[in-house]
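See below for the structure under consideration.
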Amino acid sequence: MKNFTRHIRVKTPSPGNLMNVFSLGCIAALLWFISSSAGDSVYGKVTTVKSPTQMRFEFDSGFFNIRLAGIDVPRTIADSATQFVTRMTLRKNGRIRLEGRVENEVLVRLFMDDSLKGVREVAVEMLRNGFATRKQNVDFKYGELAAAQREAQVARRGLWSKQN
């Protein structure tokens, strides 16, 4: 009986193939980084309402001091606006979408889970109920802020209940 042994050749990758694999890995890492940092969403709870537009938002690995993007609250209605925001957000599950940074705060869109009405955006609800005004020349992609403010003005809610 003959002994048949086969020699197995191990093909070592060529430098060109290694470079392709490395390049592919770098591209994948870059795409992951871009998708995780642009328009990031973070899930957590509002634990403190400091003002109608400023809150502390806690999540699994920490917290952010947040400021609502796109709106201003006049001093004349700040107390009622704070009560509205507190009822809507305090100790409730929500999600923030990072929009930017202002000093020591993160500028966000804040979405709250509501078992009866679904997901609601806090800034839009404040405008819709007349507790805020839209910042000049600022709106979201689909014009949500302008539409909510117009709705409050037409229905004469909050700030718009007494025409100046």
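The values are calculated or read from the model by the stated rules, or taken from the named source; none is laboratory data. Please read these numbers as outputs of a predicted model, since none were measured by experiment. Here Cβ is always computed from backbone atoms with ideal geometry, including for glycine, and neighbour counts include all displayed protein chains. SASA here: full protein model, heavy atoms, side chains in, ligands and nucleic acids out. Shrake-Rupley method; radii C 1.70, N 1.55, O 1.52, S 1.80 Å.
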Taking the range 115-142 and keeping only residues that are exposed (fewer than 14 other Cβ atoms within 10 Å of the Cβ) and touching a strand residue (DSSP E or B) at 6+ places or on another chain (Cβ under 7 Å), one is left with V119, K135
Within the range 143-164, the count of residues that are free of Cβ contacts under 8 Å to residues at least 24 places away in the same chain, touching a strand residue (DSSP E or B) at 6+ places or on another chain (Cβ under 8 Å) and of a type outside the set (S, T, N, Q) comes to 2
D139 meets each of (1) over 11 Å from I71 (Cβ atoms); (2) modelled with pLDDT under 90; (3) within 20 Å of the chain's Cα centre (by Cα); (4) of a type outside the set (G, A, S) with one exception, condition (1)
- Hey, L116 of a type outside the set (G, A, S) and touching a Ser or Thr at 6+ places or on another chain (Cβ under 9 Å) or not: no
The correct count of residues that are over 17 Å from R97 (Cβ atoms) and touching a residue at least 60 places away in the same chain (Cβ under 8 Å) in the range 50-70 is 1
V154 passes all but one of the listed conditions (1) surrounded by fewer than 21 Cβ atoms within 10 Å (Cβ to Cβ); (2) touching a Gly at 6+ places or on another chain (Cβ under 6 Å); (3) at pLDDT 90 or above; (4) of a type outside the set (D, E, K, R); the exception is number (2)
Filtering the range 50-60 down to residues that are part of a strand (DSSP E or B) and either open to solvent by less than 10 Å² (accessible area, probe 1.4 Å) or of a type in the set (K, R) (or both) yields M55, R56, F57
Flag for F63 being within 14 Å of the chain's Cα centre (by Cα), under 20 Å from L110 (Cβ atoms), modelled with pLDDT of 90 or more and open to solvent by 70 Å² or more (accessible area, probe 1.4 Å): yes
Counting only residues that are exposed (fewer than 13 other Cβ atoms within 10 Å of the Cβ) and either at pLDDT 95 or above or among the small types (G, A, S) (or both), the range 94-106 contains a total of 1
